[in-house]
Amino acid sequence: MPSRRAFLKDTGRLTIAFCLLGALPAAEALAADDPRPGSLQDNPRLNAWLEVLADGRVRVLTGKIEIGQGIGTAVAQMAAEELNLPLNRVEVVLAETGRTPDERYTAGSASIEQSALSVRWAAAAARQQLLQLAAKRLRVPAATLQLADGAVRTADGRQHLTFAELLAGRQLTGEVPADTVLKPKNQHQVVGQPLRREEIERMVRAAPVYVQDMRLPGTVHARVLHPPGPGARLRGVDEAGLRQAVPGLLRVVVDGSFVGLLAADEWTAIKAHDWLKPRLQWTAGPALPAGQALPEVIRALPAKVDEVARRGDVASAPATGEKSFRATYFKPYLMHASIGPSCAVALFDKGTLHLWTHSQGVYPLRAAVAKLLGLPEDQVHAKGVPGAGCYGHNGADDVAAEAALLARAYPGHPVRLQWTREDEHLHEPYGSAMLFDLQARLDARGRLTHWHMELWSDTHSARPAGQPDKLLPAQLLAKPFEYKRAELSGGTSRNSEPLYQIPNMLINAHSFAGPLRVSALRSLGAFGNVFALESGMDELAQLAGQDPWAFRLAHLTDERARAVIEEARRLTQNVQAGPNEGLGMAFAQYKNQAAYLAVVARVWVSPEDHTPWVRQLWAAIDAGEVINPDGLRNQTEGGLIQAASWTVLEQVQFDQQQVRSHDWESYPIYRFDEVPRVEVSIVSRPDQPPLGAGEAAQGPTAAAIANAVHRACGVRVRELPIRPWKLAPSSAES
Amino acid sequence: MEATTFTLHVNGRPHQVQADPATPLLYVLRNQLGLNGPKFGCGMQQCGACMVLVDGFAHPSCQLQVHRVGAAPITTLEGLTRPDGSLHPVQQALVELQAAQCGYCLNGVAMCAAGLLRQYARPDEQTIRNALFRVLCRCGTHERYIRAVQRAAELGASG
């Protein structure tokens with residue numbers, strides 16, 4: 001189990017940033033040698049995590065939300081295992097304020113490491129309490145009793161008490177102690193099994209799974225209209241014209257530059273939106289830096305510099321026979337691009353605001369919305385309901401805040417606000433563009449001696465975190481909230497430090513405030529950092545005249561890192577690249593402390609139009625103890641394909657006035673004809689703690705593809721995405 | 001436009017609805033018939049989330065105006081489930097292969113697959129990819145979806 005101390009050490013910068021914002025309980029007050037997961041230390045009461053129901057079933061409460069990662073099944077497996085229950089007798093309640101533990105955000109691949117492990121501890125403590133209760137009642141030593149199937153039995157089976165009989169309507173109480181005895185892993189029967197996610201059957205039966213499917217009695221439908229570009233402000237609304245053109249509107253809400261429309265039926269709301277959109281007049285915001293090379297725009301922005309790592313001396317005098325290397329890499333702004341545009345339902349009823357939201361953090365959202373509306377926090381209730389996959393901080397919080405504003409204007413009715421496709425494409429916070437200047441040196445034997453990286457990035461963390469200013473409508477209101485930029489961002493430097501043994505190293509992170517709205521996108525800075533680092537490693541291997549596998553292994557001492565690389569090599573040992581094809585590999589340990597993952601990409605570059613076709617991706621992953629191997633496989637397959645789409649296709653485009661990537665044609669993502677085949681091999685480590693895995697594939701996939709493209713056609717692409725026009729022969733190195 | 005009465009044939013049953021004739025079928029199915037299968041994704045026929053079968057052919061419902069549907073039979077994801085509650089081979093295969101992450105695009109995949117298997121009992125991989133071309137998936141579940149359609153073809157052939 002990762003100790004709290006290790007957690008603090010490795011993510012200290014991020015933790016401090018959140019503490020300054022007041023969103024975290026004082027983490028430093030937690031005992032550093034406490035073996036319990038951090039979420040459990042924050043919420044130590046047993047009944048915060050687990051309730052025993054009258055019918056002997058167990059209800060598990062998690063502060064995380066289901067976002068397609070299968071967390072509900074994983075936490076149910078944990079409880080079923082410790083309590084010897086069949087999985088179908090464990091019910092899971094997902095994030096809801098006032099109901100489940102406050103686990104802040106469902107983010108950072110931390111749901112298993114935090115929530116599922118907390119449930120494991122709570123269920124083990126429940127088992128001990130139930131055995132003690134039974135021992136007292138039956139007047140036998142607890143050690144002679146057996147607990148299974150919702151009851152405690154004596155060894156001879158003659159006496160037995162169900163959980164309900166033992167508790168007689170009470171709940172288990174007290175804290176989950178730090179000396180709780182967990183079931184030995186070699187006795188596990190449920191954990192580690194590829195059990196099915198029950199919600200998939202509900203999905204195929206078209207059950208109401210998503211917030212979009214909620215139909216509360218009396219629901220009214222809402223649409224909003226957003227400024228066309230950052231900083232644009234509303235000059236006026238022709239409400240009379242609108243009402244004449246589209247009769248039947250219940251409310252037209254205008255507050256500053258925030259415009260919302262309410263109608264009893266959805267089609268009326270849509271017609272009103274579509275009539276009004278081209279007729280709204282906006283003042284222009286500051287011009288966006290279009291028409292210039294974005295890397296150079298970024299380099300010229302004012303930036304605050306933080307030292308990420310320093311050892312040895314990167315400026316030491318050159319030695320005889322050494323080789324030096326210098327390259328610049330770039331990743332553009334990327335979208336989360338959820339398939340379902342953000343949606344929320346809000347009801348303002350008797351002074352209390354109820355919110356149904358697919359936000360990744362119901363507690364921080366509650367605090368932020370309470371401040372936005374000027375309500376006490378206890379008069380805001382937020383319940384997590386799944387939406388379409390989000391892959392980070394998309395429009396979920398913004399749409400919830402906007403629904404809340406509209407519900408306040410129309411109390412007593414549930415307001416369902418559905419963003420349009422364009423709302424999501426134009427107004428979600430993107431993943432920041434990043435720029436990397438790498439300088440490295442090899443000694444005469446081809447060993448890396450110097451690594452100097454200067455990287456540039458906007459923040460990767462602009463979640464509301466309990467404050468209203470980062471909610472999209474907050475800056476549009478007649479009385480706006482001033483946007484406060486996060487001062488520190490651990491996400492920028494994520495995976496910037498190589499795991500390779502290099503004696504002299506300097507990494508500096510330049511934080512700028514860029515032209516577009518940004519926040520957390522799956523893997524944060526790791527995607528760009530690993531793309532640069534692992535492209536650089538391939539270029540350096542070439543300079544050293546070494547095989548890329550051997551070159552990496554020669555600089556790696558971590559046995560688990562070496563093992564996933566060896567496994568990826570084994571997976572592809574019989575794969576031969578055909579004409580115009582290349583194989584490329586890359587490796588990273590996510591956050592330098594979570595899952596280890598190595599990728600091999602097979603890419604064919606069309607000799608006619610230079611399109612890079614990613615044919616196949618293989619990944620070897622070590623995520624420590626695996627709770628549900630099929631869940632891990634599914635997440636990793638998805639990460640590979642999504643990252644491949646980012647790598648070869650995606651880039652947010654903008655002109656001087658606004659973002660031009662407003663739909664799926666102007667922001668294409670992979671379609672079924674293009675996606676590679678994927679294969680995942682799990683390096684199982686049942687004796688190790690589970691490691692966060694959901695974002696591990698992002699960075700290595702990008703570099704593996706770039707490395708494969710280089711072998712396929714001789715062109716080294718250092719600026720993502722890898723579009724055909726960057727692979728024309730004139731781009732080839734001599 | 002004035003609301004008009006239409007008789008839609010959805011999942012094997014006639015339904016009388018009153019709607020502005022220009023209303024896209026999607027909103028009638030979701031809001032008047034209370035169906036969850038077809039989903040709003042883009043409203044521009046670009047993503048396939050709203051896919052239904054019209055006369056057995058997979059077609060997006062987000063721009064199909066209700067007055068243009070006529071008497072054509074409409075099948076939604078709900079309608080793939082048999083009256084006895086058992087699952088269509090496509091639904092069975094999706095569950096068996098655990099082919100979903102967030103599942104928001106699952107409707108589009110299932111409806112395109114059902115339409116495909118009506119025409120081609122044993123499609124090859126390229127045919128499957130072509131049939132699913134109109135559906136966007138952001139979680140990266142494509143590999144499993146393709147395998148699930150292959151599995152559905154096997155189940156359909158044996159069942």
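The values are calculated or read from the model by the stated rules, or taken from the named source; none is laboratory data. Predicted model only: the values in this text are computed from it and were never measured. Heads up, the Cβs are rebuilt from the backbone with ideal geometry, glycines too, and the neighbour counts pull from every protein chain shown. These accessible areas exclude ligands, DNA and RNA; they are computed on the full protein's heavy atoms, side chains included. Shrake-Rupley method; radii C 1.70, N 1.55, O 1.52, S 1.80 Å.
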For segment A:539-597, which positions are open to solvent by less than 40 Å² (accessible area, probe 1.4 Å) and of a type in the set (Asp, Glu)? A:Glu539, A:Glu567, A:Glu581
Assess whether B:Leu94 counts as being in contact with a Phe, Trp or Tyr (Cβ under 6 Å, 6 or more places away or on another chain) and over 27 Å from B:Pro14 (Cα atoms). no
Search result, residues across segment A:414-445 that are within 14 Å of chain B (Cβ to nearest Cβ) and in a strand (DSSP E or B): A:Arg416, A:Leu417, A:Gln418, A:Gly431
Tell me yes or no: at least one residue of segment A:359-370 is in a loop (DSSP other than H, G, I, E, B), over 20 Å from A:Gly98 (Cα atoms) and either open to solvent by 10 Å² or more (accessible area, probe 1.4 Å) or at pLDDT below 95 (or both). no
Given the criterion over 24 Å from A:Ala644 (Cα atoms) and without any contact (Cβ under 8 Å) to a residue 60 or more places away in the chain, identify the matching residue among A:Ala400, A:Ala368. A:Ala400
Return the total of residues in segment A:671-688 being more than 7 Å from every other protein chain (Cβ to nearest Cβ) and aliphatic (A, V, I, L, M). 3
From the list A:Leu250, A:Leu262, which residue is over 30 Å from A:Leu435 (Cα atoms) and in contact with a Phe, Trp or Tyr (Cβ under 6 Å, 6 or more places away or on another chain)? A:Leu262
Condition first: assigned to a strand (DSSP E or B), touching a Phe, Trp or Tyr at 6+ places or on another chain (Cβ under 6 Å) and open to solvent by less than 40 Å² (accessible area, probe 1.4 Å). Can you find one or more residues in segment A:285-297 that meet it? no
If we keep only residues of segment B:139-159 that are open to solvent by 10 Å² or more (accessible area, probe 1.4 Å) and at pLDDT 95 or above, then the residue nearest to the other protein chains (Cβ to nearest Cβ) is B:Glu143
Against the definition (open to solvent by 40 Å² or more (accessible area, probe 1.4 Å), of a type in the set (A, V, I, L, M, F, W, C), more than 30 Å from A:Asp397 (Cβ to Cβ) and more than 22 Å from the chain's Cα centre (by Cα)), how does A:Leu87 come out, yes or no? yes
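Considering every residue within segment A:702-716, establish whether at least one is part of a loop (DSSP other than H, G, I, E, B), modelled with pLDDT under 95 and over 28 Å from B:Gln126 (Cβ atoms).
no
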Can you tell me how many residues within segment A:470-506 are without any contact (Cβ under 8 Å) to a residue 40 or more places away in the chain and not in a loop (DSSP other than H, G, I, E, B)? 1
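Wholly within segment A:176-280, which strands (runs of 3 or more DSSP E) include no fewer than the required count, namely at least 1 residues that are away from chain B (no Cβ under 11 Å) and crowded, with 21+ Cβ neighbours inside 10 Å? It would help to see each step written out before you state the result.
Working: elements: A:220-225, A:233-236, A:249-255, A:258-263.
Fully inside segment A:176-280 and qualifying: A:220-225, A:258-263.
Looking for something within 39 Å of the chain's Cα centre (by Cα) and assigned to a loop (DSSP other than H, G, I, E, B) - is there at least one such residue anywhere in segment A:122-129? First the steps, then the outcome.
Taking segment A:122-129 as the starting set, the residues that turn out to be within 39 Å of the chain's Cα centre (by Cα) are A:122-129.
So of that shortlist, the ones also assigned to a loop (DSSP other than H, G, I, E, B) come out as none.
Checked segment A:122-129: no residue is within 39 Å of the chain's Cα centre (by Cα) and assigned to a loop (DSSP other than H, G, I, E, B).
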Scope segment B:54-90; condition open to solvent by less than 10 Å² (accessible area, probe 1.4 Å) and either over 11 Å from B:Leu25 (Cα atoms) or modelled with pLDDT under 95 (or both); matching residues: B:Thr76, B:Leu77, B:Val90
So A:Ala388 fits all but one of (1) more than 14 Å from chain B (Cβ to nearest Cβ); (2) not in a helix (DSSP H, G or I); what number is the exception? (1)
Only unsatisfied item for A:Ser606, checking (1) away from every other protein chain (no Cβ under 14 Å); (2) crowded, with 24+ Cβ neighbours inside 10 Å; (3) among the small types (Gly, Ala, Ser), is (2)
Within segment A:560-590, the residues that are in contact (Cβ under 8 Å) with a residue 60 or more places away in the chain and among the acidic types (Asp, Glu) are A:Glu567, A:Glu581
So A:Pro141 fits all but one of (1) of a type outside the set (S, T, N, Q); (2) open to solvent by 40 Å² or more (accessible area, probe 1.4 Å); (3) at pLDDT 95 or above; (4) within 23 Å of A:Arg45 (Cα to Cα); what number is the exception? (4)
I'd like to verify a number: residues in segment A:528-559 that are outside any helix (DSSP H, G or I), within 19 Å of A:Arg441 (Cβ to Cβ) and free of Cβ contacts under 8 Å to residues at least 60 places away in the same chain, how many? 1
